[in-house]
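To start, the structure under review is shown below, and the notes come after it.
Bear in mind these aren't lab numbers, they're just calculated from the coordinates by the rules spelled out. What you see is a predicted model, and the numbers here were worked out from it, not measured in a lab. When we count neighbours, we look across all protein chains shown, and the Cβ atoms used for this are built from the backbone with ideal geometry, even at glycine.
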Amino acid sequence: MFFPFPVLLRKNYPFSKLPVTAPVAEYIYNSAAYQHLMDDDNEYRQVLGHLYEKSLILHDTALFHPVLYFYFIDALAHIDYTLGILAYNYQSPKNLMTGEYLRWRIDEEKKGERSKFREFINWLKANHPDRFEKLPTLWRRIYDKEDLAGYRSFRIVLDPDSRLAIPVSFFYRAIEEFFATPFLKSLYDDASLSGFFREFLEQNQV
């Protein structure tokens, strides 16, 4: 499909609604709205560095609930990819590799109990709102059926109608929330969040 890019931009057509094909990405990359993001002191690259400095060395991820661990890594991959698009060329090796993982996980998330995760988040909101509010912001925004946020072409999109890049403060906050000790402890198979997930599955057996 052909997109008259200058016309779309003059009409304030949001970048989030453009499919990220190579020509579209190249146009966005070279546009005045995004070119400043490619400077050597690009603040999104600094956030990536902050993400890469995190570690799970104090945790045994083999003991995490497998579904929760899958979506934990999945969220980090989407953070990494979105930051990568804002920090590097769309076709950089880094973005290509992360994109390949995210394409693979499309089918993986449909397997077994993984397919119940979105429904679980909304069940938690309805039945245990206090616990829902303690979830990482990204999980709540992406999987809450009443929220417009979502993954579009593997990028995090908080406001589908906005042309503005997501502020770096959001990414710093998201990273800190996912690596907060109480949250990581809740991912263990015998911990609180895993217990809620099992309760949800028991109540929603088909």
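Using alpha-carbon pairs under 8 Å, 6+ residues apart, how would you state the relative contact order of the range 112-187 in percent?
20
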Worksheet item: Say each of Val168 and Ser92 gets a label point 7 Å from the Cα, pointing the same way as Cα to Cβ; how far apart are those two points in nm?
Response: 1.4
Worksheet item: Rounded, prolate or oblate: which fits the range 145-206, taking a ≥ b ≥ c as square roots of the Cα gyration tensor eigenvalues, rounded meaning a/c under 1.5, else prolate when a/b beats b/c?
Response: oblate
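What is the local net charge at Ser186, summed over the other residues whose Cβ is closer than 10 Å to its Cβ (Lys, Arg +1; Asp, Glu -1)? Can you show the working numbers first?
Working: positive: Arg131, Lys134, Lys185; negative: none.
Result for the local shell: +3.
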Worksheet entry | Residue pairs, from the table Lys54/Lys145; Lys145/Lys185; Lys110/Lys145, whose Cα atoms sit over 21 Å apart | Lys54/Lys145; Lys145/Lys185
Discussion item. Once you order the gyration tensor axes a ≥ b ≥ c over the Cα atoms, which shape class does the range 84-148 get: rounded for a/c under 1.5, otherwise prolate or oblate by comparing a/b with b/c?
Written reply: oblate
Worksheet entry | Amide hydrogen neighbours beyond the local backbone of Ile156, cut-off 5 Å, H modeled | Thr82
Worksheet item: For the range 71-146 and the range 50-67, what is the separation of their C-alpha centers, rounded to whole Å?
Response: 16
Worksheet entry | Principal axis dimensions, the range 88-206 - Cα atoms, whole angstrom, descending | 45, 30, 29
